[in-house]
Structure formats: C-alpha cells, structure tokens
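A short write-up of the structure that comes next.
Every read-out reported here was derived from the displayed coordinates using simple, explicitly stated rules and does not represent laboratory data. Quick caveat: nothing in here was measured; it's all calculated off a predicted structure. Here the Cβ is made from the backbone with ideal geometry for all residues, glycine too, and neighbour counts use every protein chain on show.
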Amino acid sequence: MIGIIVIAVVVIPVVVLILEFVLEKPRTFRIPSLFLGSVVAQIVGVVVLMALMGALLGLLIPQ
C-alpha cells in the first residue's frame with residue numbers, strides 16, 4: 001500500500017505537467033503523449049508484475 005502511495009506522489013504531478021503540455025496552445029501531441037504512454041505502461045507493468053509475484057508466492061508458500 002505504501003508503494004502505491006509513493007508511486008502516486010511521484011507520478012501524479014508528472015502526469016499533470018504532461019497534460020498541461022499536451023493541452024497548451026501550440027498542440028504538439030507526439031512527444032508528450034509518448035512519454036505519458038510510457039509512464040502508464042510502466043505503472044501497469046509494475047502492478048502486473050507485483051500481482052504475478054504475489055500469485056507465485058501464494059503457490060509456493062500456502063497459508
């Protein structure tokens with residue numbers, strides 16, 4: 001739970017800044033949207049890997 005809070009504290013301001021870049025007047029969507037996509041993909045990847053590791057540990061060490 002603390003890890004998710006730390007991720008949120010780091011990622012939310014970055015996402016807000018990127019969205020401000022994307023919605024700014026000279027709208028160049030390519031670079032900020034690619035970066036935003038990579039941030040989202042990284043978060044999804046971390047969550048999926050944590051779930052897989054939890055499932056694997058649940059199989060190895062039953063409760």
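With a cap of 10 neighbouring Cβ atoms within 10 Å, and only residues DSSP puts in a loop, list the chymotrypsin sites (Phe, Trp or Tyr not before Pro) found in the chain.
Sites meeting the loop and neighbour criteria: none at all.
For the chain, the 222 nm mean residue ellipticity estimated from helices alone, with every DSSP H stretch of n ≥ 4 adding -39500 (n - 2.57) and the total spread over all residues, rounds to -29500 deg cm²/dmol.
Comparing VAL48, VAL11, VAL39 in a Gaussian network model of the chain (Cα springs below 10 Å), the most mobile by mean-square fluctuation is VAL48. Taking the chain as a Gaussian network, where each spring joins two C-alpha atoms under 10 Å apart, which residue of ILE18, ILE31, ILE43 fluctuates the most? Sorting by GNM fluctuation, first place goes to ILE31.
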